[in-house]
1. Can you tell me the dipole magnitude for segment 56-127 around its Cα centre, using point charges on the Cβ only (Lys, Arg +1; Asp, Glu -1), in Debye to the nearest 20?
2. Quick one: dipole size for the chain, taken about the Cα centre, charges +1 on Lys/Arg Cβ and -1 on Asp/Glu Cβ, in debye to the nearest 20.
3. Please compute the contact order of the chain in relative form: average sequence separation of alpha-carbon pairs under 8 Å and at least six residues apart, divided by the residue count, as a percent.
4. Using the Cα centre of segment 11-123 as origin and beta-carbon charges of +1 (Lys, Arg) and -1 (Asp, Glu), tell me which of Leu69, Gly35, Leu57 is placed farthest towards the positive end of the dipole.
5. Probe 1.4 Å, all protein chains in place: accessible area of Thr11 in Å², nearest 10?
6. Can you check what the Kirkwood hydrodynamic radius comes to for segment 1-148, Cα pairs only, in Å to one decimal?
7. Step by step: find N for segment 62-167, compute 2.2 N^0.38 Å, then divide the Cα radius of gyration by it. What's the final number?
8. In square angstrom, rounded to the nearest 10, how much accessible surface does Arg126 have for a 1.4 Å probe?
Amino acid sequence: LATLLLELALTRVLSVSLWYHFGFLVISTALLGFGASGVTLSLWTRLRERADLGRSLAACSLCFACSTLFSFWLMQHIPFDPFSIAVDRRQFLLMPIYLVVVALPFFCSGLGISLLLTRGVRDVTRLYAFDLVGAGLGCSLITLVLPHFGGSGSVIFAAFAGALAALSFSLPSEKLF
């Protein structure tokens, strides 16, 4: 829910603050974050196989929430201006930095989702169903959140939803898998 809500909110924010082309680039940047998290999880065997799942998922969710706020703040301070690419050579350096900053929350989210699906192989159909329901709710919720809170408020709302996920994963419960 939080990830799709963030992706849609950033699409709106970047289409207004930069050229509208950069709004659609959020989707590719999110996929970059997801892909990097999958590579990281495949290489980080301790996290993938032995770490406490509830604690790891809470940490990933909290990292998502914090990195959402941090990256959105940093995006406001990176002097990336696509209109001056032709005259300012440093824009070629600022553009990839800007996109990596945008990808950071998606990396954290992707790490948590990949970890959950990797560890829950026996319940993967149920987990995937909940993932799809959450994604659908996030997409639907943007229609309510964006008009009331605006672009920046919607990003903060997505971070808050990630923090709620961290809280729910940190509560004592039965062993997840």
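The values are calculated or read from the model by the stated rules, or taken from the named source; none is laboratory data. Not measured: the values here are computed from a predicted model. Quick reminder, even Gly has a Cβ in these numbers, built from the backbone with ideal geometry, and neighbours come from all protein chains shown. In case anyone asks, the SASA skips ligands and DNA or RNA and just uses the protein heavy atoms, side chains included. Shrake-Rupley method; radii C 1.70, N 1.55, O 1.52, S 1.80 Å.
1. 260
2. That gives the chain a dipole magnitude of about 360 debye.
3. So the answer I get is 42 percent.
4. Sorting the options by dipole projection puts first Leu57.
5. 30
6. 16.4
7. So segment 62-167 has a normalised radius of gyration of 1.30.
8. 120
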